[in-house]
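Notes follow once the structure below has been shown.
The values are calculated or read from the model by the stated rules, or taken from the named source; none is laboratory data. Here the structure is a predicted model, which is why all the values come from computation and not from measurement. Methodologically, a virtual Cβ is constructed for each residue, glycine included, from the backbone with ideal geometry; neighbour enumeration extends over all protein chains shown.
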């Protein structure tokens with residue numbers, strides 16, 4: 001049982017065929033004719049809920065009019081059935097409209113609503129946020145001598161919560177108890193559920209604790225069931241109160257209430273990033289309790305285990321699910337395959353793929369992407385290309401991720417020709433290169449001594465108004481600097497601000513290193529201080545390049561200044577730079593005391 005309201009699907013129909021309407025009227029009249037000399041029947045058979053869901057306001061009104069024109073008029077239970085069906089199909093306003101028409105109808109036999117009728121209409125008013133009218137109907141209930149039931153109060157409490165009247169809802173619950181209406185677990189669950197849905201999880205927990213402690217005298221009337229606990233545990237985990245959720249989980253079991261799949265799943269998802277071993281233990285416990293876990297929870301747990309390098313544990317869970325006969329889907333296999341690929345165990349990933357196929361599960365695009373990425377990671381792009389060609393043969397459409405991974409692989413191997421071919425193939429599959437694609441291409445071209453080709457591509461992209469990030473420009477600037485083309489590199493660098501881009505520590509370091517390499521120390525100095533003025537803190541690479549330049553040109557004072565900046569920015573130079581600085585400063589007595597700055 002769930003206390004969360006699940007709306008029924010509803011498709012309105014603009015008309016109800018006259019044929020159906022005539023048939024319905026005819027059937028009802030035949031029923032009356034057969035029983036004219038008998039007492040009024042208790043109820044009339046109405047269309048089932050599926051048919052009611054297709055009623056428009058006009059159709060429902062037509063059906064209602066047929067009922068009130070019958071001789072004799074059907075009993076109130078028949079009208080309640082119609083109102084309730086409309087309410088369940090989310091036609092609350094139509095139900096209210098017919099209720100009003102019912103109580104003012106001038107029929108030969110008066111139609112008197114009963115408590116069930118009033119409860120249906122209270123619910124409808126609450127659903128359309130008309131609480132004033134809902135409480136007005138409560139007044140009618142009392143005036144007509146009826147005693148409000150648990151259902152009456154439950155609808156009103158839920159209505160108050162929907163208007164964020166939390167205190168009023170709790171007070172009504174307590175008033176209901178004071179009036180002698182003893183709530184059951186459903187009412188209790190409704191209150192807990194509505195408090196959680198309204199974002200008052202702490203109040204829901206406090207109310208639960210009050211009930212359990214007997215402070216409001218409900219400990220023997222409202223014994224929470226697994227659904228009530230699950231609602232609290234789920235809400236606590238979603239709000240980050242995992243420790244409290246764990247307490248309730250243990251309390252639940254101490255009361256010999258078996259946790260359901262929601263309680264287990266919620267707690268596992270809450271613990272997976274906080275206490276992975278505990279989350280795994282709970283998952284195994286859930287399986288041992290013969291509770292089928294959701295595949296999404298299984299995939300999340302396996303994915304996190306793989307990311308943490310706990311591939312053996314992930315494999316054990318997978319095997320456990322298989323042994324239990326759980327029907328694993330393609331995503332489950334992909335998740336574990338990806339774990340194998342992350343550790344370079346591509347052969348085991350392939351074996352898992354073969355097992356999946358043998359079980360009748362067709363590999364999807366993600367399966368192929370995982371294997372392609374696995375081969376690229378171990379620098380075997382030829383096999384990655386083979387997987388790519390296989391997926392094309394199998395009519396599995398590649399994604400932009402497929403191409404980005406393949407481009408990375410072939411460019412790592414220096415195969416610029418294959419990279420160009422892959423890039424040209426993308427439009428054949430209705431794919432447009434992403435910024436990531438261009439970054440991979442530009443970086444790969446520069447790393448493979450095709451800097452001018454990369455520069456040409458960069459200018460083409462600029463002319464086509466393709467917005468690139470600083471990463472793309474860093475790749476081209478780095479390629480130009482390494483080839484000693486500092487004039488061109490400076491030209492690209494100086495135009496960054498016009499494109500709305502700010503140099504990063506990587507950009508500055510590349511340029512400084514390039515100028516130092518060419519012996520253009522004045523330009524390197526200017527960039528270094530520009531970097532500091534712009535609030536861009538140098539990193540170890542920046543200092544290493546600059547310190548080496550300083551030592552090479554007998555610039556001890558500047559080296560000492562740099563060391564001070566390194567201390568201020570908490571930057572640690574690499575071992576070779578430390579050795580160089582130690583040798584340089586040790587050579588002169590007056591500089592030796594600065595060696596302490598190296599730690």
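Applying the condition of being in contact with a helix residue (DSSP H, G or I) (Cβ under 6 Å, 6 or more places away or on another chain) and in a loop (DSSP other than H, G, I, E, B) to the stretch 91-108 and asking which residue is modelled with the lowest pLDDT yields 107.
What number of residues in the stretch 305-317 are in a loop (DSSP other than H, G, I, E, B) and surrounded by 14 or more Cβ atoms within 10 Å (Cβ to Cβ)? Steps first, answer last, please.
First, pick out the residues of the stretch 305-317 that are in a loop (DSSP other than H, G, I, E, B): 308-310.
Imposing the further condition that a residue be surrounded by 14 or more Cβ atoms within 10 Å (Cβ to Cβ) reduces the set to 310.
Number of matching residues: 1.
Spot the failing condition for residue 356; the list is (1) surrounded by fewer than 18 Cβ atoms within 10 Å (Cβ to Cβ); (2) closer than 16 Å to residue 299 by Cβ; (3) in contact with a helix residue (DSSP H, G or I) (Cβ under 6 Å, 6 or more places away or on another chain), and only one is missed. Here residue 356 meets the rest and fails (1).
Do any helices (runs of 4 or more DSSP H) entirely within the stretch 235-304 hold 2 or more residues that are closer than 26 Å to residue 198 by Cβ, at pLDDT 90 or above and within 24 Å of the chain's Cα centre (by Cα), and if so, which? Reasoning before the result, please.
Working: elements: 242-254, 261-271, 276-288.
Where helices (runs of 4 or more DSSP H) fall fully within the stretch 235-304 and carry at least 2 residues being closer than 26 Å to residue 198 by Cβ, at pLDDT 90 or above and within 24 Å of the chain's Cα centre (by Cα), they are 242-254, 261-271.
Among the residues examined, residue 538 does not qualify as assigned to a loop (DSSP other than H, G, I, E, B) and at pLDDT 90 or above. Taking residue 328 as the residue in question, decide whether it is outside any loop (DSSP other than H, G, I, E, B), modelled with pLDDT under 95 and either more than 24 Å from the chain's Cα centre (by Cα) or under 30 Å from residue 275 (Cα atoms) (or both). No.
Applying a threshold of 7 Å to beta carbon distances and a minimum spacing of six or more residues, or different chains, the list of pairs starting in the stretch 230-243 at a residue that is over 9 Å from residue 266 (Cα atoms) and ending at one that is at pLDDT below 95 and part of a loop (DSSP other than H, G, I, E, B) reads 231/3; 242/274.
For every residue, the table says whether it meets (1) in contact (Cβ under 8 Å) with a residue 60 or more places away in the chain; (2) over 23 Å from residue 383 (Cβ atoms); (3) assigned to a helix (DSSP H, G or I); (4) within 33 Å of the chain's Cα centre (by Cα).
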{"site": "405", "(1), (2), (3), (4)": "no, no, yes, yes"}
{"site": "414", "(1), (2), (3), (4)": "no, no, no, no"}
{"site": "418", "(1), (2), (3), (4)": "no, no, yes, no"}
{"site": "428", "(1), (2), (3), (4)": "no, no, yes, yes"}
{"site": "452", "(1), (2), (3), (4)": "no, yes, yes, no"}
{"site": "458", "(1), (2), (3), (4)": "no, yes, yes, no"}
{"site": "467", "(1), (2), (3), (4)": "no, yes, no, yes"}
{"site": "473", "(1), (2), (3), (4)": "no, yes, yes, no"}
{"site": "476", "(1), (2), (3), (4)": "no, yes, yes, no"}
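Residues in the stretch 471-486 that are surrounded by fewer than 18 Cβ atoms within 10 Å (Cβ to Cβ) and either modelled with pLDDT of 95 or more or touching a helix residue (DSSP H, G or I) at 6+ places or on another chain (Cβ under 6 Å) (or both): 471, 483.
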